[in-house]
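Contents: one structure, followed by commentary.
Each reported figure results from applying straightforward, stated rules to the coordinates on display, with no laboratory input. The model shown is predicted, which means the values in this text are computed figures rather than measured ones. Note that each Cβ is placed from the backbone with ideal geometry, even for glycine, and that neighbours are counted across all protein chains shown.
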Ligand code: SAM
């Protein structure tokens, strides 16, 4: 299955840090790429820098959300605390080849609830787009502990204490 993320809304200044975390979470948990509805040069550069150093094929780009939601040729899943609990729709989601998962920032327009195939909750309490996305990706893809990122310049060697980082090419 291929999963793409749509970050709906991004307030320059206010959302920079959390939007960066949404993008890095998408990448680290196995999504193919992320669409933003607004460009942010610094944020895009910092995410692309992570990809350059830590590897993988992850993309970050801007889109017009209505056009993407109308043209996406897979299952469109909007994460919202008002939706149907994920376990109830897991079977349907797992059948999809391609999924676009939508997470909000500010108030999400009503139209999004209609344009998406499923409105899904990760618990029925308010929390965060980062946690909602991480739980969704891990429940649906379940690859966070198995992913390998090609062409990385740096690789972490897991260790019990301290930090071990290998420069690829060095031994
Ligand atoms: N205030 C906004 C609204 O009313 O639409 C939502 C703000 S919330 C911090 C940002 C995003 O986190 C939401 O758009 C949703 O994608 C995600 N989110 C927060 N809690 C969630 C939950 N329990 N289940 C699924 N997604 C959730």
Which residues among segment 65-95 fall inside the zone where the amide N is under 11 Å from a point 7 Å beyond the Cα of residue 111, along Cα→Cβ? 65-70
Once both label points are put 7 Å beyond Cα along the C-beta direction, the residue 161-residue 98 separation in nm becomes 5.0 nm
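Tell me, what is the FRET efficiency for residue 66 and residue 11 to the nearest 0.05, using R0 = 25 angstrom and their Cβ-Cβ distance as r? The partial results should precede the final answer.
On the way: r = 19 Å, r/R0 = 0.77.
Calculated value: 0.80.
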Need one number for the chain: average projected area of the convex hull over its C-alpha atoms, nm². 11.0 nm²
Which percent, nearest 5, of DSSP beta bridges in the chain are antiparallel? 10 percent
With axes computed from alpha carbons, what is the tilt in degrees of helix 41-54 against the longest principal axis of the chain, rounded to the nearest 10 within 0 to 90? 50 degrees
Please identify which residues in segment 101-118 have an amide N closer than 15 Å to a label point set 7 Å out from the Cα of residue 131, following the Cα→Cβ vector. none
